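**Q** Quick one: this structure, given as structure tokens, is what I'll be asking you about.
The values are calculated or read from the model by the stated rules, or taken from the named source; none is laboratory data. All values derive from a computational prediction rather than experimental measurement. We place every Cβ from the backbone using ideal geometry, glycine too, and count neighbours over all the protein chains shown. Each accessible area value is taken on the protein alone, full model and side chains, heavy atoms only, with ligands, DNA and RNA left out. Shrake-Rupley method; radii C 1.70, N 1.55, O 1.52, S 1.80 Å.
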Amino acid sequence: MAWLENPKEKLLVSEQAIVLLSCALSFLGSALIIFTHIRWPELRSRPRQLLLYLSVADLLSAASYFYGVLRDFSGPRWDCVAQGAVSTFSNTSSFFWTVSVAIYLYITIVQSQQALADHMIYWFHLISWGVPLVITVAAVSLQKIGYDASYVSVGWCWINIDAEDRLLWMLLAGKLWEILAYLILPVLYILIKKHIGRAHAALSEYRSILSAAPVYQPRTIADKKLIFIPIIFIFLRIWSTIRFILTLCGSAAVHNVILVILHGVGNTFQGGANCIMFVLCTRVIRSRLLASLRCCCCKPCASDCTQNGVSGGQASGYGSTAETEREKWSTHLPST
């Protein structure tokens, strides 16, 4: 095949450092999402529970990619196969969980079928963990995972480049699900956004009557987050797909330094992007994190920490009248 005529991708030290930094930030971001979910149970919601599972997959993915880029394998080894297996499982699981969040939001917001959405969570677990596990076990058993000479990676191991049916396994082990996510996510989130827009328009008719009460405006951070989820996912992942297509075509552009860096960062920074969007850009959680940091650094008494909103929903505004009114419209949206 044409791609075998391309030489192994030699990572520059600068490229390796950038991708390693991306892996570390994604690992820390995923860990922070998991920490906040455990630390403040009163802020949990179904979408954030799904985000927790996505973060577990992203954390494993970032750790495995970090090891692979750090080693920059030059040949088949047992740890190359182990790293490739973990990254294949976690990366594929991340695709499924990302789509699962979109499906859940679509069912709860557009279809207004909360019971069905809650029942679907069991299927989300079965598919998002089970399908990647089956694919990974099969690939390892058939010796399809191994050294790929960085033809379609950035230093880490994936599908064995010597496998005759490598293209089939590259599709099964990630690319097929990645491309399907490109198609599914924008459609679902456009439908969700249109539904929220129609609800906003209907509510506007009664704004004069409800002027004395807090009114939820759908063009809030939650609405913007719904828009950014598919945009960020596609922006991060599209570079690996471009390099994959260029490799299939035997194009020398696959070795472009900028494209290699974008591929490396895009494949490894999903956890970091989710942390920015759902933790750092979420007012309630951000204020509690800052309060926790002040408590840890200044060593105040426990009562001071409580007053600053580290514990208890009312101290940070969570559960206030405005929040309660808004939750009538955004119960199933990510917390803002």
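**Q** Determine the distance separating the Cα centre of the range 234-270 from the Cα centre of the range 180-201; give it in Å without decimals.
**A** The two parts, judged by their Cα centres, are 27 Å apart.
**Q** What area, in nm² and to one decimal, does the C-alpha convex hull of the range 23-107 cast on average over all directions?
**A** 6.0
**Q** Same structure, new question: Could you grab the Rg to Rh ratio for the range 72-114? Cα atoms only, Kirkwood for Rh. The partial results should precede the final answer.
**A** Values: Rg = 17.5 Å, Rh = 12.7 Å.
So for the range 72-114, dividing Rg by the Kirkwood Rh gives 1.37.
**Q** Using a cut-off of 13 Å between beta-carbons, work out the net charge of the residues near K144 (Lys and Arg +1, Asp and Glu -1, K144 not included).
**A** Details: positive: R166; negative: D148, D162, E164, D165.
Summing Lys and Arg as +1 and Asp and Glu as -1 gives -3.
**Q** Still on this structure, I have one more. Which value, in Å² rounded to 10, gives the accessible area of Y151 with a 1.4 Å probe and all protein chains present?
**A** 30
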